[in-house]
Amino acid sequence: MAIKLAAAYVRRMSGQRITAVADDEVVFDGNGNRILFLPQRPVTNVSEVTVDGDVWTVGTDYEWSERRGTLHAIDRRRWPTGQRNVTVTYSHGYAELPVDLQALVYGLARRSIDNPAGTEIRSETLGSYSVAYAAMVGGLTSFEADMIADLRLPNGVAA
(Lines give C-alpha, C1' and ligand atoms only; values in the text may rest on other atoms or scores of the structure.)
Protein backbone atom coordinates (compact mmCIF):
# COMPACT_ATOMS: atom_id res chain seq x y z
CA MET A 1 0.00 0.00 0.00
CA ALA A 2 2.86 2.40 0.80
CA ILE A 3 4.28 1.94 -2.72
CA LYS A 4 0.88 2.58 -4.32
CA LEU A 5 0.41 5.72 -2.23
CA ALA A 6 3.91 6.98 -3.04
CA ALA A 7 3.33 6.38 -6.78
CA ALA A 8 0.00 8.22 -6.59
CA TYR A 9 1.73 11.12 -4.82
CA VAL A 10 4.38 11.36 -7.56
CA ARG A 11 1.68 11.28 -10.25
CA ARG A 12 -0.36 13.99 -8.52
CA MET A 13 2.60 16.28 -7.80
CA SER A 14 4.08 15.93 -11.29
CA GLY A 15 0.83 15.94 -13.25
CA GLN A 16 2.16 12.94 -15.19
CA ARG A 17 0.57 9.49 -15.59
CA ILE A 18 4.09 8.04 -15.95
CA THR A 19 3.00 4.53 -17.04
CA ALA A 20 2.58 3.79 -20.75
CA VAL A 21 -0.63 4.85 -22.51
CA ALA A 22 -1.21 4.09 -26.21
CA ASP A 23 -3.16 6.32 -28.59
CA ASP A 24 -4.32 8.94 -26.10
CA GLU A 25 -6.43 11.56 -27.89
CA VAL A 26 -6.16 15.13 -26.59
CA VAL A 27 -7.84 18.28 -27.89
CA PHE A 28 -6.03 21.62 -27.64
CA ASP A 29 -6.68 25.27 -28.21
CA GLY A 30 -4.29 26.39 -30.97
CA ASN A 31 -1.86 28.90 -29.48
CA GLY A 32 -0.51 30.79 -32.52
CA ASN A 33 3.04 29.63 -31.72
CA ARG A 34 5.40 27.20 -33.44
CA ILE A 35 5.52 24.85 -30.43
CA LEU A 36 2.66 22.94 -28.82
CA PHE A 37 3.33 21.21 -25.50
CA LEU A 38 1.75 17.79 -25.00
CA PRO A 39 0.56 17.16 -21.44
CA GLN A 40 2.22 13.75 -20.88
CA ARG A 41 5.86 12.71 -21.35
CA PRO A 42 7.87 11.01 -22.58
CA VAL A 43 6.15 10.95 -25.95
CA THR A 44 6.73 7.56 -27.59
CA ASN A 45 4.67 8.03 -30.76
CA VAL A 46 2.46 10.59 -32.48
CA SER A 47 -0.01 8.76 -34.67
CA GLU A 48 -2.24 11.62 -35.85
CA VAL A 49 -2.50 15.40 -35.71
CA THR A 50 -5.50 17.25 -37.08
CA VAL A 51 -5.79 21.02 -37.27
CA ASP A 52 -9.20 22.51 -38.00
CA GLY A 53 -10.19 19.08 -39.40
CA ASP A 54 -7.15 18.76 -41.73
CA VAL A 55 -4.64 15.97 -41.09
CA TRP A 56 -1.09 17.26 -40.70
CA THR A 57 1.85 15.11 -41.81
CA VAL A 58 4.91 14.44 -39.67
CA GLY A 59 8.07 15.69 -41.41
CA THR A 60 6.10 18.03 -43.66
CA ASP A 61 3.85 19.99 -41.29
CA TYR A 62 5.27 19.16 -37.88
CA GLU A 63 7.95 17.26 -35.95
CA TRP A 64 7.77 15.91 -32.41
CA SER A 65 10.18 15.55 -29.51
CA GLU A 66 10.08 12.50 -27.26
CA ARG A 67 11.91 13.98 -24.28
CA ARG A 68 10.43 17.48 -24.35
CA GLY A 69 6.93 16.30 -25.23
CA THR A 70 6.47 18.94 -27.89
CA LEU A 71 5.09 19.29 -31.39
CA HIS A 72 6.96 21.77 -33.61
CA ALA A 73 5.20 23.32 -36.60
CA ILE A 74 7.79 23.43 -39.40
CA ASP A 75 8.52 25.57 -42.46
CA ARG A 76 7.32 28.79 -40.82
CA ARG A 77 3.98 27.26 -39.91
CA ARG A 78 2.28 28.04 -36.62
CA TRP A 79 -0.44 26.28 -34.68
CA PRO A 80 -3.47 28.38 -35.63
CA THR A 81 -5.25 30.17 -32.83
CA GLY A 82 -8.68 28.91 -31.95
CA GLN A 83 -10.61 26.92 -29.42
CA ARG A 84 -10.40 23.14 -29.52
CA ASN A 85 -9.02 23.22 -33.06
CA VAL A 86 -6.01 20.88 -32.67
CA THR A 87 -6.46 17.16 -31.96
CA VAL A 88 -3.44 14.97 -31.24
CA THR A 89 -3.42 11.20 -30.89
CA TYR A 90 -0.21 10.09 -29.24
CA SER A 91 1.36 7.46 -27.01
CA HIS A 92 3.31 8.37 -23.91
CA GLY A 93 4.80 7.15 -20.65
CA TYR A 94 7.20 4.39 -19.65
CA ALA A 95 6.64 0.73 -20.48
CA GLU A 96 9.23 0.00 -17.79
CA LEU A 97 9.73 2.53 -15.01
CA PRO A 98 13.27 3.99 -15.06
CA VAL A 99 15.47 3.13 -12.08
CA ASP A 100 15.59 6.73 -10.80
CA LEU A 101 11.78 6.92 -10.70
CA GLN A 102 11.66 3.55 -8.94
CA ALA A 103 14.11 4.92 -6.36
CA LEU A 104 11.92 7.99 -5.90
CA VAL A 105 8.75 5.96 -5.29
CA TYR A 106 10.45 3.36 -3.08
CA GLY A 107 12.19 6.09 -1.06
CA LEU A 108 8.90 7.88 -0.40
CA ALA A 109 7.22 4.58 0.51
CA ARG A 110 10.03 3.58 2.85
CA ARG A 111 9.99 6.94 4.61
CA SER A 112 6.22 6.71 5.10
CA ILE A 113 6.69 3.33 6.78
CA ASP A 114 9.74 4.39 8.82
CA ASN A 115 8.14 7.65 9.91
CA PRO A 116 4.34 7.23 9.77
CA ALA A 117 3.67 10.40 11.76
CA GLY A 118 5.22 12.37 8.89
CA THR A 119 7.35 14.55 11.13
CA GLU A 120 10.62 15.80 9.72
CA ILE A 121 13.56 14.11 11.45
CA ARG A 122 16.69 16.26 11.18
CA SER A 123 19.01 14.20 13.36
CA GLU A 124 19.19 11.02 15.42
CA THR A 125 21.42 10.00 18.30
CA LEU A 126 21.99 6.53 19.69
CA GLY A 127 24.58 6.47 22.45
CA SER A 128 27.74 8.11 21.10
CA TYR A 129 26.58 7.75 17.47
CA SER A 130 24.87 10.77 15.91
CA VAL A 131 23.73 11.51 12.38
CA ALA A 132 22.23 14.66 10.81
CA TYR A 133 20.10 14.55 7.67
CA ALA A 134 19.81 17.06 4.85
CA ALA A 135 16.94 19.52 5.12
CA MET A 136 13.76 18.55 3.34
CA VAL A 137 11.52 20.70 1.15
CA GLY A 138 7.84 20.11 1.86
CA GLY A 139 8.55 16.62 3.20
CA LEU A 140 10.80 15.74 0.24
CA THR A 141 14.57 15.51 0.01
CA SER A 142 16.13 17.93 -2.49
CA PHE A 143 16.73 14.92 -4.81
CA GLU A 144 13.05 13.96 -4.66
CA ALA A 145 11.85 17.55 -5.12
CA ASP A 146 14.16 17.98 -8.15
CA MET A 147 12.94 14.73 -9.73
CA ILE A 148 9.29 15.69 -9.36
CA ALA A 149 10.02 19.16 -10.76
CA ASP A 150 11.73 17.55 -13.78
CA LEU A 151 8.62 15.46 -14.43
CA ARG A 152 6.28 18.46 -14.42
CA LEU A 153 4.95 19.82 -17.66
CA PRO A 154 7.11 22.79 -18.72
CA ASN A 155 4.36 24.84 -20.35
CA GLY A 156 0.86 24.64 -21.81
CA VAL A 157 -2.04 22.32 -21.05
CA ALA A 158 -4.70 20.48 -22.98
CA ALA A 159 -7.98 22.24 -23.66
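If you check every pair at least six apart or on different chains, which have Cβ atoms under 9 Å apart with a residue in the stretch 128-144 that is over 21 Å from residue 109 (Cα atoms) and among the polar types (S, T, N, Q) first and a residue that is assigned to a strand (DSSP E or B) and at pLDDT 60 or above second?
130/123; 130/124
Step by step: first the residues of the stretch 71-109, then only those that are within 18 Å of residue 6 (Cβ to Cβ) and of a type in the set (A, V, I, L, M), then the one that is surrounded by the most Cβ atoms within 10 Å (Cβ to Cβ). Which residue is that?
For the stretch 71-109, the residue satisfying everything is 104.
When you go through 12, 34 one by one, which is the residue that is exposed (fewer than 13 other Cβ atoms within 10 Å of the Cβ) and among the basic types (Lys, Arg)? I'd like the intermediate steps shown before the answer.
Values: 34 fails: exposed (fewer than 13 other Cβ atoms within 10 Å of the Cβ).
Only one candidate qualifies: 12.
Collect the residues in the stretch 44-79 that are charged (D, E, K, R) and in contact (Cβ under 8 Å) with a residue 40 or more places away in the chain, keeping them in residue-number order. Talk me through it step by step, then tell me what you get.
Within the stretch 44-79, the first condition is being charged (D, E, K, R), and the residues that meet it are 48, 52, 54, 61, 63, 66-68, 75-78.
48, 68, 77, 78 - these are the residues of the stretch 44-79 that are charged (D, E, K, R) and in contact (Cβ under 8 Å) with a residue 40 or more places away in the chain.
Among the residues of the stretch 127-159, what is the count of those that are at pLDDT below 85 and in a strand (DSSP E or B)?
Count: 5.
How do the pairs read when you match residues in the stretch 1-16 that are touching a residue at least 24 places away in the same chain (Cβ under 8 Å) and not assigned by TED's automatic domain parsing to the domain that holds residue 111 with residues anywhere that are basic (Lys, Arg) and assigned to a helix (DSSP H, G or I), using Cβ under 8 Å and keeping only pairs 6 or more apart or on different chains?
From the stretch 1-16, the pairs are 2/110.
Give me a count of the residues in the stretch 18-68 that are aliphatic (A, V, I, L, M), within 12 Å of residue 90 (Cα to Cα) and in contact with a His (Cβ under 8 Å, 6 or more places away or on another chain).
First, pick out the residues of the stretch 18-68 that are aliphatic (A, V, I, L, M): 18, 20-22, 26-27, 35-36, 38, 43, 46, 49, 51, 55, 58.
Filter again for within 12 Å of residue 90 (Cα to Cα), leaving 20-22, 26-27, 38, 43, 46, 49.
Still in the running and in contact with a His (Cβ under 8 Å, 6 or more places away or on another chain): 20-21, 38, 43.
Going through the stretch 18-68 one residue at a time, the tally reaches 4.
The values are calculated or read from the model by the stated rules, or taken from the named source; none is laboratory data. Computed from a prediction, not measured in an experiment: that's the story for all the values here. So basically every Cβ, Gly included, is an ideal-geometry build from the backbone, and we count neighbours across all protein chains shown.
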